[in-house]
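Novice: Got a structure for you, questions after.
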């Protein structure tokens, strides 16, 4: 399957040329002969040789010159210089200029064949290295390689492009921060196979596949850019937890937060208040001005509320024109003050088209024995009371009932 | 391999050993030396040598044996055999047995250094090859190389694992479908494409491998990414639809319209074959109340019971029974729903979700969706649907409550009015000549209230008060009431007592309005000239101020048996001239406007 390696024999001695060519053919090579430097260079232009056996003394051009010209045409072609004792110094010099080796005439054929084998092997190794080097080089994803000391030994072009400072920064690069211990445990064989890490960096998210390459005693990281996937995931999470119209938490998310806050209030006996509010006569807004105006009103109201609550408070849409604000660390009296502030903010706000608008508020504070539902129910009852008592007002209900 | 290369010299000639070691050290190698084969092997056991220079003739064993033993210990150590001319054949034999090369003594030191250099180079190349070869080996993504004919020349382990059958490019399905264009012939260019293999989607990067006819294909599994993006799209559309439904909840006229709207809206989503809403009846049958995408026949085939006595009630029955969302990812192969298989095949239904309509912890019905795609309802989408179902259930409940509340209020109001009217009629029967007076005062005072912009509740109160304002006349002898001639002072006093008597009758009754007070005050006047208490303006309640005007206008404008009607003009004249003096100016103005603009006429009076 493997092609025969081509060897160029350059010698002005016709007999020697022929003998050598015959032996090489027997040994499984494909010889091509040239009687002069000119012929040799012309042949090198025609086809690719693994090796050139070059007599140092040629009628037209010097053997070293011939070697140099051939290497200029095909850099991977190896050369072995053959020479008499008189020119040994030149032969030694030739190895300094890229010849694989030299042999003194008369040489042992075994010795020559051994040298040829070594030269062809070297050329094949070089080729293999070039071929294999293209794997990481062409890889569209970044690859990073470290030695045991944490020094970067290789970055493929994709990695250089994406992480320009990485070669200098090494393990202290933001991409690799916090990975030192997993890299170490891979290296010490404590962990087998591949370790996968997800790293957000700047606007992107990367998935790092880290493995220890035993053969080379190196740690290699294959990097995948998973930003798009992550964005889609984040977007889905956002959609799942927020109300699309107003941008505040949706009912499901709010219930989730409320549940955990109720547990906290129970366990640590910290105050917790729940404010339920509702835009007065909202149906009328929709009926009179249409849904677009109605939507705008709901957006404006939630914006007002968000602007007037603490960062620890959680605003949510409960459904329709009903909204919630959860106020952790806030007792009934403070919640009442806070809601009063919200009520005023809404009834003083110059709404577009509708101009004037009010909201009614019902408040309940967590009391011993409460659960999620009893708290919700009281807030709902308080809101109903606020509606009953003429709207645009704040009502509270404690377990003992509404204040007299 | 940036380490300093190590050389082991094994020779029994101490001088030669020393000289060689010195030279090699100067050339930058780390050197160890041994005078016997045994010592040499011992050295090799201690540390790895890149090269062992071994004299063929050693006192204890042959150089070949030493080489063999060392290679057993460290296979990557290369040996160079040093020997005299006499042993050339053995030296050549050594190269066949794994020696890198040999040198004949006396050798040129430059030759030796060149050989050592070649060994080190070879080892470095090999190491580099191993390192580089591990790039595709360790790569978690598939890498494939194909030649110009489309034959696979290389697969990395990831590719072998994913595509064990892959041998050759074939047109049609698979990893290497239709890749001819990217291979051989003409200009080979880098290119990218997406390809589906089974359920997965890959991005393929094609690169011509330099100096060869090979094309390398790097593959990236983007299934997750694609899935997420597709899912995001689906969820977006679903949420938009749910929002439309929520908007409609606010304006729906009837439950039926609401159900229909929900079905139509959800049917509009991608790959949805049909949507059905069933409502639980008292006997646990699910009554299909609305649907879209299915024919009536299909829906009646779905009719199921929602109770535990019907285990094969299908997905809707199950959801109704258990009060939780039920999803079938693959209807046609789900053993739980075997009775549905045939139907599902016939109707091209692949997956389904049923979510209960839960209001206040009770499932009042079920919303079911059927898709033409398998696995269309993941957890997220199902929970959105469940949310929508909850919204719908709450909307339905509040609609039911609203109509129930209105019905209750209506009947309450009716019964209250019934009582009030009955009482009013009773009073009237005692004074047939003022028949209808109470009813007309009720009509006028409530209309004035409305004109004044009073709240609905107050207006209701005015109507009731109007009916009852003369209830005290019940205590006045009938012949005085109907006497068509001038009354005596005593008779007048008796008539005047009717407002106080009315108050006494009404004061203990529970009205949501100040009926008794208004009745008591309806003959008071702002300037204190009225009776019974001669109150001043500030003490007379609003209801009484309205009532007195309505009472006066009605009395003057309509016919009395004992006198002809003074007429509307006289009535209006009376209140206008006493506006602010006897009567509340706002009430007078409202009343005058009503008549002036012909927006009021007494019922049954021309």
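Novice: Looking at the structure I just gave you, is residue B:199 more than 10 Å from every other protein chain (Cβ to nearest Cβ), more than 30 Å from residue A:126 (Cα to Cα), at pLDDT below 85 and out of contact with any strand residue (DSSP E or B) (no Cβ under 7 Å at 6 or more places or on another chain)?
Specialist: In short, yes.
Novice: Continuing with the same structure: Report yes if residue B:524 is touching a residue at least 60 places away in the same chain (Cβ under 8 Å) and either crowded, with 21+ Cβ neighbours inside 10 Å or in a helix (DSSP H, G or I) (or both), otherwise no.
Specialist: Spelling it out, it is not the case that residue B:524 is touching a residue at least 60 places away in the same chain (Cβ under 8 Å) and either crowded, with 21+ Cβ neighbours inside 10 Å or in a helix (DSSP H, G or I) (or both).
Novice: Additional query: Looking at (1) free of Cβ contacts under 8 Å to residues at least 60 places away in the same chain; (2) under 14 Å from residue A:394 (Cα atoms), which is the one condition that is false for residue A:361?
Specialist: (1)
Novice: Given the condition touching a residue at least 60 places away in the same chain (Cβ under 8 Å), closer than 17 Å to residue A:78 by Cβ and surrounded by 19 or more Cβ atoms within 10 Å (Cβ to Cβ), answer yes or no: does some residue in segment A:29-47 qualify?
Specialist: Yes - at least one qualifying residue is present in segment A:29-47.
Novice: Which one of these is closer than 23 Å to residue A:122 by Cα, in contact (Cβ under 8 Å) with a residue 24 or more places away in the chain and in the same structural domain as residue B:128 (by TED's automatic domain parsing): B:52, B:87?
Specialist: After ruling out the rest, the residue left standing is B:52.
Novice: Ok, one more. Taking the condition part of a helix (DSSP H, G or I) and in contact with a helix residue (DSSP H, G or I) (Cβ under 7 Å, 6 or more places away or on another chain), does residue B:343 pass?
Specialist: Yes: the conditions hold for residue B:343.
Novice: Pick from segment B:115-124 the residues that are facing chain A (nearest Cβ under 8 Å) and surrounded by fewer than 18 Cβ atoms within 10 Å (Cβ to Cβ): which of them is farthest from residue A:91 (Cα to Cα)?
Specialist: Across segment B:115-124, the extreme among qualifying residues is B:122.
Novice: If I go through segment A:105-161 residue by residue, how many of them are facing another protein chain (nearest Cβ under 10 Å), more than 24 Å from residue A:29 (Cβ to Cβ) and part of a helix (DSSP H, G or I)?
Specialist: The number of residues fulfilling the criteria is 7.
Novice: Residues in segment A:274-287: is at least one surrounded by fewer than 16 Cβ atoms within 10 Å (Cβ to Cβ), more than 14 Å from chain B (Cβ to nearest Cβ), outside any strand (DSSP E or B) and without any contact (Cβ under 8 Å) to a residue 24 or more places away in the chain?
Specialist: Within segment A:274-287 (the criterion being surrounded by fewer than 16 Cβ atoms within 10 Å (Cβ to Cβ), more than 14 Å from chain B (Cβ to nearest Cβ), outside any strand (DSSP E or B) and without any contact (Cβ under 8 Å) to a residue 24 or more places away in the chain), the answer is no, since none of the residues qualifies.
Novice: Is it fair to say residue B:572 is in the same structural domain as residue B:451 (by TED's automatic domain parsing), assigned to a helix (DSSP H, G or I) and touching a helix residue (DSSP H, G or I) at 6+ places or on another chain (Cβ under 7 Å)?
Specialist: Criteria met by residue B:572.
Novice: Still on this structure: Could you tell me which residue of segment B:145-172 is nearest to residue B:201 (Cα to Cα), considering only residues that are surrounded by 15 or more Cβ atoms within 10 Å (Cβ to Cβ), within 12 Å of another protein chain (Cβ to nearest Cβ) and within 43 Å of the chain's Cα centre (by Cα)?
Specialist: Filtering first and then ranking leaves B:158.
Novice: Looking at (1) closer than 20 Å to residue A:324 by Cβ; (2) assigned to a helix (DSSP H, G or I); (3) within 14 Å of chain B (Cβ to nearest Cβ), find the lone condition where residue A:296 falls short.
Specialist: (1)
Novice: Being modelled with pLDDT under 80, within 24 Å of residue B:270 (Cα to Cα), crowded, with 19+ Cβ neighbours inside 10 Å and within 12 Å of chain A (Cβ to nearest Cβ), is that true of even one residue in segment B:224-247?
Specialist: So far as segment B:224-247 goes, yes, one or more of its residues are modelled with pLDDT under 80, within 24 Å of residue B:270 (Cα to Cα), crowded, with 19+ Cβ neighbours inside 10 Å and within 12 Å of chain A (Cβ to nearest Cβ).
A quick yes/no check of all residues on (1) under 25 Å from residue B:288 (Cβ atoms); (2) in contact with a strand residue (DSSP E or B) (Cβ under 7 Å, 6 or more places away or on another chain); (3) in contact (Cβ under 8 Å) with a residue 24 or more places away in the chain:
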{"site": "B:221", "(1), (2), (3)": "no, yes, yes"}
{"site": "B:224", "(1), (2), (3)": "no, no, no"}
{"site": "B:239", "(1), (2), (3)": "no, no, yes"}
{"site": "B:242", "(1), (2), (3)": "yes, no, yes"}
{"site": "B:248", "(1), (2), (3)": "yes, no, no"}
{"site": "B:260", "(1), (2), (3)": "yes, yes, yes"}
{"site": "B:265", "(1), (2), (3)": "yes, no, yes"}
{"site": "B:273", "(1), (2), (3)": "yes, yes, yes"}
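Novice: Are any of the residues in segment B:305-315 part of a loop (DSSP other than H, G, I, E, B), surrounded by fewer than 20 Cβ atoms within 10 Å (Cβ to Cβ) and at pLDDT 85 or above?
Specialist: No: zero hits.
Novice: Can you list the helices (runs of 4 or more DSSP H) lying wholly within segment A:171-268 that have 3 or more residues being surrounded by 15 or more Cβ atoms within 10 Å (Cβ to Cβ) and within 13 Å of another protein chain (Cβ to nearest Cβ)?
Specialist: Of the helices (runs of 4 or more DSSP H) lying wholly inside segment A:171-268, those with at least 3 residues that are surrounded by 15 or more Cβ atoms within 10 Å (Cβ to Cβ) and within 13 Å of another protein chain (Cβ to nearest Cβ) span A:227-241, A:251-268.
The values are calculated or read from the model by the stated rules, or taken from the named source; none is laboratory data. Just so it is clear, the model here is predicted, and its values are computed rather than measured. Neighbour counts are summed over all protein chains in view; Cβ atoms, including those assigned to glycine, are modelled from backbone coordinates with ideal geometry.
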